[in-house]
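Rule-based calculations on the coordinates, nothing more; no lab input. Keep in mind that what you see is a predicted model, and the values were worked out from it rather than measured. Please note: Cβ atoms are built from the backbone with ideal geometry, for glycine as well, and neighbour counts cover all protein chains shown.
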Amino acid sequence: MPDIKQARILILATDGFEQSELMVPLEKLRAAGARVEVAAPEKTRQPGRIRGWDKADWGQEVPVDRPLAQVSAEEYDALVLPGGVINPDLLRLEEKAVALVRDFAAKGRVVAAVCHGPWLLVEAGLAQGRRMTSYASIRTDVQNAGATWQDEAVVTDQGIITSRSPADLDAFVAKIIEEVREGSHGARRAA
């Protein structure tokens, strides 16, 4: 059972992430003692920084700690996938991002996706046969990928955590901490 204070957690995002869905986990996980890094594809609006979407307009910029091409699942205990509409839609077109999500799951690492973030789980073939939640507008996408969709603040299935929206962020972060403490969740095959 690893202590959250020794955990390394990666947040994968690009321009257009929902502001609160990156910032709240980043701040709360760091406050809990985890080492949290942000990774992004090299093609962003401004090199070394990504810009959030804050409800109805562009939000704050966040520094990128590492380019996507330089990260691997072996280095981390968990992966966090913020939502927003733009962010996961762009990331699911990046084969390196999808491959990284698959690799985290295959290695039994915690994978946590909120709001539209489950689009990446769908793209990585991780929805089939799982219980999941998401933002209501992508419910059909999640179901069509083979998941049983549940309208709950947080749904966990074999170390894969999903949440609906910014309103669920406190429960989402608490579940990430709990799942990291549980340790490896065994290999979870991607379809």
_Sequence-distant residues sharing a close amide H with VAL36 (under 5 Å, placed H)_ = ILE9
*With charges set only on the Cβ (+1 for Lys and Arg, -1 for Asp and Glu), what does the dipole of the stretch 1-138 come to about its Cα centre, in debye to the nearest 20?*
260
*For the residue pair ALA31 and THR140, what label-to-label distance in nm results when each label sits 7 Å from Cα along the Cα-to-beta-carbon direction?*
3.9
*asked:* For a quick check: with amide H placed at 1.01 Å from N, whose amide H comes under 5 Å from GLY16's, ignoring anything fewer than 5 positions away on the same chain?
replied: ARG51, GLY52, TRP53
*asked:* Quick one: the Cα spread of the chain along its three principal axes, in angstroms, biggest first?
replied: 38, 37, 30
*Would you count, across the chain, every pair of lysines whose alpha carbons are under 16 angstrom apart, provided the pair is eight or more residues apart or spans two chains?*
4
*How far, in nm, would the chain grow between ASP57 and LYS96 when pulled straight, counting 0.36 nm per residue and subtracting the alpha carbon separation?*
11.3 nm
*Counting only DSSP beta bridges with both residues in the stretch 4-182, tell me the antiparallel percent, nearest 5.*
30
*Contact order normalised by residue count of the stretch 4-182, Cα under 8 Å, 6+ apart, percent*: 20
*asked:* Under 8 Å for C-alpha pairs, at least 6 residues apart: give me the relative contact order for the stretch 122-190, rounded to a whole percent.
replied: 29
*Would you please put 45-57, 72-84, 131-143 in order of how densely packed they are, using the mean number of other Cβ atoms within 10 angstrom per residue and starting with the highest?*
72-84, 131-143, 45-57
